Amino acid sequence: MGFIRVINPVDKNLALLFLLLNLGGVAVRFVIDLNFVPVLLLSGGADYLKVFQADQLQAAAMAFLYLQKNGYWVSQIFFGVWLFPLGYLVFKSGFLPRILGILLMASSITWTTTSFLYLLYVPGYTAITKISFPLGFIAEFGLTVWLLIKGVKDQK
């Protein structure tokens, strides 16, 4: 909750939007990861599963794995979108480097685009990940390193 206190004075509404989008992504990811439970149950070899043939159990387990994979990309939409208000808040803050704010907003656009392209089954969607992954790493890791080493300047 500490970082929200740092960016909250910049714009309370955008800080709340940033927080809600992040929480939305976590909630979706949690629900989607519940698809691993039936996979474990179906592949556990319990006695009540002996009425099904092995290929039926494998097909059902794969269906849950595909649901988890596609749901992962739904959660990534939230995780892509929350970078934009974060980037804007960093850009407008005056006590964090503006370049990091620009990189975070650009990362938001590329990561959200990657997620939508995957969900829409666009062939070659991975081409944008060649930009999205390094850009996101530089932006998010850069903000983390900045906060760890430099901290936040005193506000006047």
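The values are calculated or read from the model by the stated rules, or taken from the named source; none is laboratory data. Keep in mind that this is a model prediction, so the values were computed, not measured. Backbone-built Cβ (ideal geometry, glycine too); neighbour counts: all protein chains shown.
State which residue pairs qualify: first residue surrounded by 13 or more Cβ atoms within 10 Å (Cβ to Cβ) and modelled with pLDDT of 90 or more and inside the stretch 19-33, second residue among the hydrophobic types (A, V, I, L, M, F, W, C) and not in a helix (DSSP H, G or I) in any location, beta carbons under 6 Å apart, and separation of 6 or more residues or different chains.
Note: pairs meeting the criteria are LEU21/TRP82; ASN22/TRP82.
Would you pick out the residues in the stretch 129-144 that are β-branched (Val, Ile, Thr) and free of Cβ contacts under 8 Å to residues at least 24 places away in the same chain?
Residues satisfying the conditions are THR129, ILE131, THR144.
Tally time: how many residues in the stretch 95-143 are farther than 24 Å from TRP73 by Cβ, loosely packed, with under 15 Cβ neighbours inside 10 Å and not charged (D, E, K, R)?
1
Looking only at the stretch 89-128, which residues are outside any loop (DSSP other than H, G, I, E, B), among the aliphatic types (A, V, I, L, M), within 23 Å of ASN13 (Cβ to Cβ) and without any contact (Cβ under 8 Å) to a residue 60 or more places away in the chain? Walk me through it before giving the result.
Just the residues of the stretch 89-128 that are outside any loop (DSSP other than H, G, I, E, B), to begin with: 89-93, 98-119, 125-128.
Among the residues that remain, those that are also among the aliphatic types (A, V, I, L, M) are: 89-90, 99-100, 102-106, 109, 117, 119, 127-128.
Filter once more, so that each one left must be within 23 Å of ASN13 (Cβ to Cβ): 89-90, 100, 102-106, 109.
Those that are outside any loop (DSSP other than H, G, I, E, B), among the aliphatic types (A, V, I, L, M), within 23 Å of ASN13 (Cβ to Cβ) and without any contact (Cβ under 8 Å) to a residue 60 or more places away in the chain: LEU100, ILE102, LEU103, LEU104, MET105, ALA106, ILE109.
Condition first: closer than 30 Å to LEU117 by Cα and part of a helix (DSSP H, G or I). Can you find one or more residues in the stretch 43-56 that meet it?
No; the residues of the stretch 43-56 include none that is closer than 30 Å to LEU117 by Cα and part of a helix (DSSP H, G or I).
Could you please tell me which pairs satisfy a Cβ distance under 7 Å, a separation of 6+ or placement on different chains, a first residue in the stretch 50-64 that is under 9 Å from VAL39 (Cα atoms) and surrounded by 12 or more Cβ atoms within 10 Å (Cβ to Cβ), and a second residue that is among the charged types (D, E, K, R) and at pLDDT 90 or above?
Between residues of the stretch 50-64 that are under 9 Å from VAL39 (Cα atoms) and surrounded by 12 or more Cβ atoms within 10 Å (Cβ to Cβ) and residues that are among the charged types (D, E, K, R) and at pLDDT 90 or above, there is no close pair.
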